[in-house]
Amino acid sequence: MDTVRRLVVIVLFDGVDLLDVTGPPEVFSLARRETDDAAGYEVVLAAETLKPVTTGAGVRMLPDLTFDEAAGRSIDTLIVPGSVEVDSERRVHALVDPGLVERVKTLAARTRRTTSVCVGAHLLAAAGLLDGKRATTHWSTARQLAADHPEIEVDADPIFIREGDVWTGAGISACLDLSLALIADDLGEAVALRVARQLVMYLKRQSGQSQFSVPLEQISATRRIEDLRHHILRNIGRRLTVVDLAEYVHVSDRHLTRIFKTELGTTPHAYIESVRVEKARNELESSDATLERIASVCGFGTVDTLVRAFRRRLNATPTEYRSRFRYSR
């Protein structure tokens, strides 16, 4: 039987995140090796011209073909990486170049499936490819994506989301998980598993699995809430109620809830749980403490409560999380 040729085009441009570009080719290369090239993947880098492109990491890369040349070929998979800038307050912003958006729109129209890696979702969104769809991106720019494109259902938790022939992937290393999912879609789970083993990755994370590192980097414009966040962290092992927190900052219960929603985009209860899960996650990664001990010091009270919180936020049990991410001192 003849090998099905699958052309994978990765969009290349100045300032692009390096791993977004280099990660997928490694995965597809291993798929070719594991199938004696029967996978049929041909991975190329496409840019505006054939001149070297400087990535955000400062590494220079050479395109294989121009956007015009790529548009003349039958593209199986288009992979759109992203780029960011960080302001003086260390806040991350996805960059969207209008000219590049038009190129992505043109190439996507000639592609069987279109994917974004990390903040590349902002380019797909600007091209109108995510309208009316559910999509993910790196958690640090999820609010920006939702604010810029209210027509998109932004979900920052999963590591990747598939909506028909459009796939969006979460931050940085999740490009490997997304690439494995594409291979599984083309060649089956068995091939994807063999590739994952070669990459020394945890089997293959499912699309609904959380990005795991709970984002606790929301910045509040209100000093009072910033003080309260530090108070919560210092006392996370204790019983914390909305009444207690409201008294600490001298406001009513209702007013505190409104402030949390406005400043942090969540409720006091959900925020406290996210802090507790983050602390428990660190304990699981770096210590041999029992689940009973972790549940106690993190304020969950019981192991059952700890397990429910992990399932709800990370789609995994504490034991499963520790088996995947435990590291030795």
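The values are calculated or read from the model by the stated rules, or taken from the named source; none is laboratory data. A quick note: this is a predicted structure, and the numbers were derived from the prediction, not measured. Here the Cβ positions follow ideal geometry from the backbone for every residue, glycine too, while neighbour counts run over all protein chains shown. The accessibility values were calculated without ligands, DNA or RNA, using every heavy atom of the protein model including side chains. Shrake-Rupley method; radii C 1.70, N 1.55, O 1.52, S 1.80 Å.
Numbers at a glance
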item	result
Single residue of the stretch 64-121 satisfying the filter (of a type in the set (Gly, Ala, Ser), in a loop (DSSP other than H, G, I, E, B) and open to solvent by 40 Å² or more (accessible area, probe 1.4 Å)) that is farthest from residue 157 (Cα to Cα)	72
Options 239, 254: the member that is open to solvent by 40 Å² or more (accessible area, probe 1.4 Å) and either in a loop (DSSP other than H, G, I, E, B) or within 24 Å of residue 322 (Cα to Cα) (or both)	239
For residue 258: the one exception among (1) more than 16 Å from residue 231 (Cβ to Cβ); (2) basic (Lys, Arg); (3) touching a residue at least 40 places away in the same chain (Cβ under 8 Å)	(3)
Residue within the stretch 139-158 that is closer than 15 Å to residue 79 by Cα, crowded, with 16+ Cβ neighbours inside 10 Å and of a type outside the set (Val, Ile, Thr) present	no
Residue tally, condition closer than 21 Å to residue 278 by Cβ and either free of Cβ contacts under 8 Å to residues at least 40 places away in the same chain or in contact with a Pro (Cβ under 8 Å, 6 or more places away or on another chain) (or both), over the stretch 236-250	5
Enumeration of residues in the stretch 271-329 that are touching a Phe, Trp or Tyr at 6+ places or on another chain (Cβ under 8 Å), in a helix (DSSP H, G or I), among the small types (Gly, Ala, Ser) and more than 15 Å from residue 237 (Cβ to Cβ)	286
Test: residue in the stretch 221-244 that is touching a His at 6+ places or on another chain (Cβ under 8 Å), modelled with pLDDT of 90 or more and not hydroxyl-bearing (Ser, Thr, Tyr)	yes
Residue in the stretch 75-96 that is in contact (Cβ under 8 Å) with a residue 40 or more places away in the chain, closer than 30 Å to residue 193 by Cβ and touching a Cys at 6+ places or on another chain (Cβ under 6 Å) present	yes
Which listed residue is in contact (Cβ under 8 Å) with a residue 40 or more places away in the chain, open to solvent by less than 60 Å² (accessible area, probe 1.4 Å) and more than 25 Å from residue 155 (Cβ to Cβ), from 265, 299	299
